[in-house]
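Heads up, the thing below is written out as structure tokens.
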Amino acid sequence: MAHSIVVSDTSTNLAARSSGTYPGQSVILVPNMNAKILAQVKGLGVGYLPRHRIEHLLKNGKLIERTVERLKTKAHLKAAWRTDSNSEILAWLLEKLDKQEVRDSLLDTKYMS
């Protein structure tokens, strides 16, 4: 079984966790998604990658897509922020999230593979 390339969990207050690996599979931890993509391009292991980040690598043959026996489970994501914040970036984000087309694009399953 190939190594699983996994981005390290950056949580500081919660127990570390991972997803998409098989029991007993060896894991190579990398610091971020760019390092994960590079490790897979170099052939060091396998793992799930966001299609929109690697489409060009699939087209030029630097990465290949494989069918898996067990599909990755869908994650439930939540966002939270301080209500007493006057951050300009927070205001910008909330304005974007208020648009239906932005919410739809975030939930579009073609980017979840």
Within segment 32-44, of all residues that are assigned to a loop (DSSP other than H, G, I, E, B) and touching a strand residue (DSSP E or B) at 6+ places or on another chain (Cβ under 7 Å), the one surrounded by the most Cβ atoms within 10 Å (Cβ to Cβ) is Leu44
So, first residue outside any loop (DSSP other than H, G, I, E, B) in segment 1-28, second residue at pLDDT below 70, Cβ within less than 6 Å, six or more apart or across chains; the pairs are Ser4/Thr21; Val6/Ser18
Log entry, pairs with first residue in segment 79-101 being free of Cβ contacts under 8 Å to residues at least 40 places away in the same chain, second being of a type in the set (A, V, I, L, M), beta carbons closer than 7 Å, six or more apart or on different chains, reads Trp81/Leu90; Lys96/Val102
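The values are calculated or read from the model by the stated rules, or taken from the named source; none is laboratory data. Predicted model, so just to flag it, every value in this text is computed and none were measured. Neighbour counts run over all protein chains shown; Cβ positions are idealised from the backbone, glycine included.
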